[in-house]
Amino acid sequence: MPTATATLSVSFAPSKKPHLSFCPFGATSITLTNFTSPPIRRPMTTSAVSIEKETVISERPHTFLRQTDGEDNGSIRSRFQSMILEMQESVCGALEALDGAGKFKEDAWTRPGGGGGISRVLQDGAVFEKAGVNISVVYGVMPPEAYRAAKASAADQKPGPVPFFAAGISSVLHPKNPFAPTLHFNYRYFETDAPKDTPGAPRQWWFGGGTDLTPAYIFEEDVKHFHSVQKRACDKFDPSFYPRFKKWCDDYFFIKHRGKRRGLGGIFFDDLNDYDQEMILSFATGL
């Protein structure tokens, strides 16, 4: 599996407009220029799923996996956790180096039933008004209706709740300069926890995620660069991925009551399990 890395660079050219592009897993670098404009206050969007009450802890654990999952057994769960932990460290280090002043503050938490996460936020820096890079590794119970909606199949019916495992990394970056776009990415792995011999609930797995760009001011060369980077990352695995996932992103972020899409798109995919599992893991890691 490729090593998760992120690279960023910064230059200041007062005669040029600001430019930002991003691909978190080493396919390209962030470049920002001329961050001199006053900040625009934009709230970070967050979402939460109620599984069990979170408990804040003073020190992060070595792993969030349950003992029954093993810490280094080569499983997808273990390897995906390692990837998102490495990626959080890499992205935060790169963003701090780019900002030059701001530092990430970290909160770690766990849940009684297993799992937990690490939230990191940089606020009021020299470049970023607010930047968040969060990871979670959680266990919970999925209502049968949600399971059937995700994996609609006559063979996948179950009268009771379905236990699950989920892990992911997400980030939202808000630069101070209004000419630099807001950027979002998240990548996740999901697996039902029911044993194979459980009636009506076979073990299932899938990957999801994406990256999208939301500028306040549109510069054509930025848009072309952003999408070309996404296309190159997708084409390494399957030439059908980019057009398929770009359309998925466009459709997913379409705001019906406004009759337009949010931002300038990117890629988005969900419930992805119709390829070899190792290939999709490498794809999610290498984006």
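A few notes on this one:
- Chain lengthening between Trp205 and Lys247 when straightened (0.36 nm per residue, less Cα-Cα): 12.8 nm
- Apolar share of the accessible surface for region 55-285: 53 percent from carbon plus sulfur atoms, 1.4 Å probe.
- Most tightly packed first, judged by the mean number of other beta-carbon atoms within 10 Å of their residues, the peptides 179-187, 250-258, 116-124 read 179-187, 116-124, 250-258.
- Its Kirkwood hydrodynamic radius, worked out from the mean inverse distance over all distinct Cα pairs, puts region 55-285 at 19.4 Å.
- Asp124-Lys53 FRET efficiency (beta carbon distance; Förster radius 30 Å; 0.05 resolution): 0.50
- Most to least packed among 240-249, 225-234 [average Cβ atoms within 10 Å]: 225-234, 240-249
- Of Lys103/Lys176; Lys105/Lys176; Lys53/Lys105; Lys53/Lys246; Lys105/Lys260; Lys53/Lys247, pairs whose Cα-Cα distance is over 26 Å: Lys53/Lys246; Lys105/Lys260; Lys53/Lys247
- Remark: the Val141-Lys236 segment gains 30.7 nm on full extension, using 0.36 nm per residue and subtracting the alpha carbon distance.
- Between the alpha-carbon centres of region 57-94 and region 217-287 there is a gap of 26 Å.
The values are calculated or read from the model by the stated rules, or taken from the named source; none is laboratory data. Since the structure is predicted, the reported quantities are computational estimates derived from the model, not experimental observations. Note: ideal-geometry Cβ built from the backbone for every residue, glycine included; neighbour counts use all protein chains shown. The area values use the complete protein model at the heavy-atom level, side chains included, leaving out ligands, DNA and RNA. Shrake-Rupley method; radii C 1.70, N 1.55, O 1.52, S 1.80 Å.
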